[in-house]
Amino acid sequence: MQHARNLSQLVAGLLLYGLASALMVRAGLGLAPWSVLHQGLSQTLGITFGTATLATGAVILLTWIPLRQRVGLGTIANVLVIGPAADLSLWLLPVESHFALRLMGMLAGIFLTGLASGIYIGAGYEPGPRDGLATGIARKTRFEVRTVRTALELSVLLVGMLLGGTVGVGTLAFALMIGPLFQRSLARFAYSFSQR
(Lines give C-alpha, C1' and ligand atoms only; values in the text may rest on other atoms or scores of the structure.)
Protein backbone atom coordinates (compact mmCIF):
# COMPACT_ATOMS: atom_id res chain seq x y z
CA MET A 1 0.00 0.00 0.00
CA GLN A 2 2.79 2.40 0.95
CA HIS A 3 4.72 1.58 -2.23
CA ALA A 4 1.61 2.16 -4.37
CA ARG A 5 1.10 5.61 -2.81
CA ASN A 6 4.74 6.53 -3.30
CA LEU A 7 4.65 5.32 -6.90
CA SER A 8 1.46 7.25 -7.65
CA GLN A 9 3.04 10.39 -6.16
CA LEU A 10 6.11 9.89 -8.36
CA VAL A 11 4.07 9.44 -11.55
CA ALA A 12 1.71 12.34 -10.73
CA GLY A 13 4.69 14.64 -10.21
CA LEU A 14 6.33 13.58 -13.46
CA LEU A 15 3.09 14.02 -15.46
CA LEU A 16 2.64 17.46 -13.92
CA TYR A 17 6.24 18.32 -14.81
CA GLY A 18 5.53 17.46 -18.46
CA LEU A 19 2.46 19.72 -18.42
CA ALA A 20 4.48 22.53 -16.83
CA SER A 21 7.13 22.29 -19.54
CA ALA A 22 4.45 22.39 -22.25
CA LEU A 23 2.84 25.48 -20.73
CA MET A 24 6.15 27.32 -20.91
CA VAL A 25 6.75 26.17 -24.49
CA ARG A 26 3.28 27.36 -25.54
CA ALA A 27 3.82 30.71 -23.79
CA GLY A 28 6.89 31.34 -25.98
CA LEU A 29 8.38 33.80 -23.50
CA GLY A 30 11.47 31.81 -22.51
CA LEU A 31 12.11 28.38 -21.08
CA ALA A 32 14.04 26.75 -18.27
CA PRO A 33 17.65 25.97 -19.30
CA TRP A 34 17.14 22.24 -19.98
CA SER A 35 13.94 22.99 -21.89
CA VAL A 36 15.84 25.52 -24.02
CA LEU A 37 18.17 22.65 -24.94
CA HIS A 38 15.27 20.25 -25.60
CA GLN A 39 13.52 22.80 -27.81
CA GLY A 40 16.73 23.58 -29.69
CA LEU A 41 17.34 19.87 -30.28
CA SER A 42 13.75 19.31 -31.41
CA GLN A 43 14.02 22.13 -33.96
CA THR A 44 17.45 21.07 -35.18
CA LEU A 45 16.68 17.34 -35.43
CA GLY A 46 13.05 17.64 -36.53
CA ILE A 47 11.70 15.66 -33.56
CA THR A 48 9.09 16.54 -30.98
CA PHE A 49 9.93 18.44 -27.80
CA GLY A 50 9.01 15.38 -25.73
CA THR A 51 11.17 13.08 -27.83
CA ALA A 52 14.11 15.46 -27.39
CA THR A 53 13.46 15.48 -23.63
CA LEU A 54 13.35 11.68 -23.48
CA ALA A 55 16.44 11.24 -25.70
CA THR A 56 18.43 13.77 -23.66
CA GLY A 57 17.56 11.94 -20.45
CA ALA A 58 18.62 8.62 -21.97
CA VAL A 59 21.95 10.03 -23.19
CA ILE A 60 22.62 11.58 -19.78
CA LEU A 61 22.10 8.17 -18.20
CA LEU A 62 25.11 6.94 -20.19
CA THR A 63 27.25 9.50 -18.34
CA TRP A 64 26.17 7.87 -15.10
CA ILE A 65 28.27 4.78 -15.91
CA PRO A 66 31.69 6.39 -15.29
CA LEU A 67 30.17 8.42 -12.42
CA ARG A 68 28.92 5.18 -10.81
CA GLN A 69 25.51 6.62 -10.13
CA ARG A 70 22.77 4.19 -9.12
CA VAL A 71 19.86 4.01 -11.55
CA GLY A 72 16.50 3.17 -10.04
CA LEU A 73 12.78 3.30 -10.66
CA GLY A 74 12.62 7.07 -10.14
CA THR A 75 15.38 7.63 -12.67
CA ILE A 76 13.80 5.46 -15.35
CA ALA A 77 10.32 6.89 -14.73
CA ASN A 78 11.74 10.41 -15.07
CA VAL A 79 13.16 9.57 -18.50
CA LEU A 80 10.06 7.72 -19.75
CA VAL A 81 7.22 9.89 -18.40
CA ILE A 82 8.13 13.60 -18.69
CA GLY A 83 8.77 13.71 -22.45
CA PRO A 84 5.56 11.94 -23.53
CA ALA A 85 3.58 13.96 -20.96
CA ALA A 86 5.00 17.17 -22.46
CA ASP A 87 4.12 16.05 -26.00
CA LEU A 88 0.57 15.11 -25.00
CA SER A 89 0.15 18.45 -23.24
CA LEU A 90 1.50 20.34 -26.26
CA TRP A 91 -1.00 18.49 -28.44
CA LEU A 92 -3.88 19.43 -26.09
CA LEU A 93 -2.90 23.03 -25.33
CA PRO A 94 -3.96 25.67 -27.84
CA VAL A 95 -1.46 28.06 -29.38
CA GLU A 96 -2.27 31.44 -27.87
CA SER A 97 -1.35 34.80 -29.36
CA HIS A 98 -2.75 37.13 -26.68
CA PHE A 99 0.16 38.34 -24.52
CA ALA A 100 -1.73 38.28 -21.20
CA LEU A 101 -2.70 34.62 -21.71
CA ARG A 102 0.85 33.73 -22.73
CA LEU A 103 2.18 35.45 -19.59
CA MET A 104 -0.32 33.55 -17.43
CA GLY A 105 0.74 30.29 -19.11
CA MET A 106 4.40 31.05 -18.44
CA LEU A 107 3.77 31.82 -14.77
CA ALA A 108 1.57 28.72 -14.41
CA GLY A 109 4.36 26.65 -15.99
CA ILE A 110 6.94 27.96 -13.53
CA PHE A 111 4.63 27.42 -10.56
CA LEU A 112 3.74 23.89 -11.70
CA THR A 113 7.42 23.03 -12.26
CA GLY A 114 8.16 23.90 -8.64
CA LEU A 115 5.12 21.97 -7.44
CA ALA A 116 5.83 18.94 -9.65
CA SER A 117 9.48 18.80 -8.57
CA GLY A 118 8.50 18.67 -4.91
CA ILE A 119 5.88 16.02 -5.59
CA TYR A 120 8.07 13.60 -7.53
CA ILE A 121 11.25 14.10 -5.50
CA GLY A 122 9.21 13.96 -2.29
CA ALA A 123 8.06 10.47 -3.29
CA GLY A 124 11.48 9.26 -2.18
CA TYR A 125 12.77 7.55 -5.31
CA GLU A 126 16.14 7.95 -7.03
CA PRO A 127 16.96 11.25 -8.78
CA GLY A 128 16.26 12.03 -12.42
CA PRO A 129 19.11 11.96 -14.93
CA ARG A 130 19.97 15.67 -14.73
CA ASP A 131 20.03 15.80 -10.91
CA GLY A 132 22.07 12.61 -10.76
CA LEU A 133 24.53 14.00 -13.29
CA ALA A 134 25.10 17.07 -11.11
CA THR A 135 25.53 15.09 -7.88
CA GLY A 136 27.74 12.49 -9.59
CA ILE A 137 30.08 15.11 -11.07
CA ALA A 138 30.22 16.91 -7.72
CA ARG A 139 31.15 13.69 -5.94
CA LYS A 140 33.87 12.83 -8.50
CA THR A 141 35.37 16.34 -8.76
CA ARG A 142 34.78 17.47 -5.17
CA PHE A 143 33.19 20.70 -6.40
CA GLU A 144 30.08 21.80 -4.53
CA VAL A 145 26.82 20.58 -6.04
CA ARG A 146 25.60 24.16 -6.52
CA THR A 147 28.73 24.99 -8.55
CA VAL A 148 28.33 21.92 -10.75
CA ARG A 149 24.57 22.46 -11.16
CA THR A 150 25.05 26.11 -12.10
CA ALA A 151 27.75 25.21 -14.63
CA LEU A 152 25.51 22.52 -16.16
CA GLU A 153 22.49 24.86 -16.33
CA LEU A 154 24.52 27.61 -18.00
CA SER A 155 26.10 25.15 -20.44
CA VAL A 156 22.83 23.62 -21.59
CA LEU A 157 21.27 27.08 -21.80
CA LEU A 158 24.05 28.26 -24.11
CA VAL A 159 23.92 25.14 -26.31
CA GLY A 160 20.12 25.29 -26.47
CA MET A 161 20.23 28.97 -27.36
CA LEU A 162 22.70 28.27 -30.17
CA LEU A 163 20.34 25.56 -31.46
CA GLY A 164 17.40 27.99 -31.51
CA GLY A 165 15.71 27.32 -28.16
CA THR A 166 13.61 30.14 -26.70
CA VAL A 167 15.36 32.35 -24.15
CA GLY A 168 13.50 35.32 -22.72
CA VAL A 169 11.76 36.78 -19.71
CA GLY A 170 10.47 33.29 -18.83
CA THR A 171 14.05 32.05 -18.52
CA LEU A 172 14.88 34.82 -16.06
CA ALA A 173 11.60 34.40 -14.17
CA PHE A 174 12.24 30.66 -13.91
CA ALA A 175 15.74 31.25 -12.52
CA LEU A 176 14.42 33.66 -9.87
CA MET A 177 11.27 31.78 -8.87
CA ILE A 178 12.06 28.07 -9.10
CA GLY A 179 14.21 27.80 -5.95
CA PRO A 180 11.63 29.13 -3.48
CA LEU A 181 8.75 27.30 -5.22
CA PHE A 182 10.63 24.00 -5.21
CA GLN A 183 11.68 24.40 -1.57
CA ARG A 184 8.09 24.98 -0.41
CA SER A 185 6.76 22.11 -2.50
CA LEU A 186 9.44 19.68 -1.36
CA ALA A 187 8.84 20.61 2.28
CA ARG A 188 5.14 19.90 1.85
CA PHE A 189 5.37 16.65 -0.09
CA ALA A 190 8.49 15.18 1.55
CA TYR A 191 6.81 15.80 4.91
CA SER A 192 3.64 14.02 3.86
CA PHE A 193 5.77 11.20 2.44
CA SER A 194 7.63 10.75 5.73
CA GLN A 195 4.35 10.68 7.68
CA ARG A 196 2.79 7.84 5.66
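The values are calculated or read from the model by the stated rules, or taken from the named source; none is laboratory data. Keep in mind the model is a prediction, meaning the values are calculated, not measured. Cβ atoms come from the backbone with ideal geometry, glycine included; neighbour counts cover every protein chain shown. What goes into the accessible areas is simple: the full protein's heavy atoms, side chains included, and nothing from ligands, DNA or RNA. Shrake-Rupley method; radii C 1.70, N 1.55, O 1.52, S 1.80 Å.
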Residue check: is SER89 open to solvent by less than 60 Å² (accessible area, probe 1.4 Å) and either touching a strand residue (DSSP E or B) at 6+ places or on another chain (Cβ under 6 Å) or of a type outside the set (A, V, I, L, M, F, W, C) (or both)? yes
Go through (1) over 29 Å from LYS140 (Cβ atoms); (2) free of Cβ contacts under 8 Å to residues at least 40 places away in the same chain; (3) not basic (Lys, Arg) and name the single condition PRO84 misses. (2)
The stretch 112-144 - residue that is without any contact (Cβ under 8 Å) to a residue 12 or more places away in the chain and of a type outside the set (Asp, Glu) and, of those, least open to solvent (accessible area, probe 1.4 Å): ALA138
Among the residues of the stretch 60-99, the number that are under 21 Å from SER117 (Cβ atoms) and of a type in the set (Phe, Trp, Tyr) is 1
All conditions in (1) surrounded by 19 or more Cβ atoms within 10 Å (Cβ to Cβ); (2) more than 25 Å from LEU15 (Cβ to Cβ) are true of VAL159 except (1)
Take PRO66 and tell me if it is in contact with a Lys or Arg (Cβ under 9 Å, 6 or more places away or on another chain), open to solvent by 30 Å² or more (accessible area, probe 1.4 Å) and assigned to a helix (DSSP H, G or I). yes
Pairing a residue in the stretch 5-31 that is among the charged types (D, E, K, R) with any residue that is at pLDDT below 95, where Cβ atoms lie under 8 Å and the two sit 6 or more apart in sequence or on different chains, gives ARG5/ARG196; ARG26/PRO94; ARG26/VAL95; ARG26/GLU96
For the stretch 94-111, state whether one or more residues are crowded, with 17+ Cβ neighbours inside 10 Å and in a loop (DSSP other than H, G, I, E, B). no
Can you tell me which of (1) of a type outside the set (Lys, Arg); (2) part of a helix (DSSP H, G or I); (3) surrounded by 22 or more Cβ atoms within 10 Å (Cβ to Cβ) is the one ALA55 doesn't meet? (3)
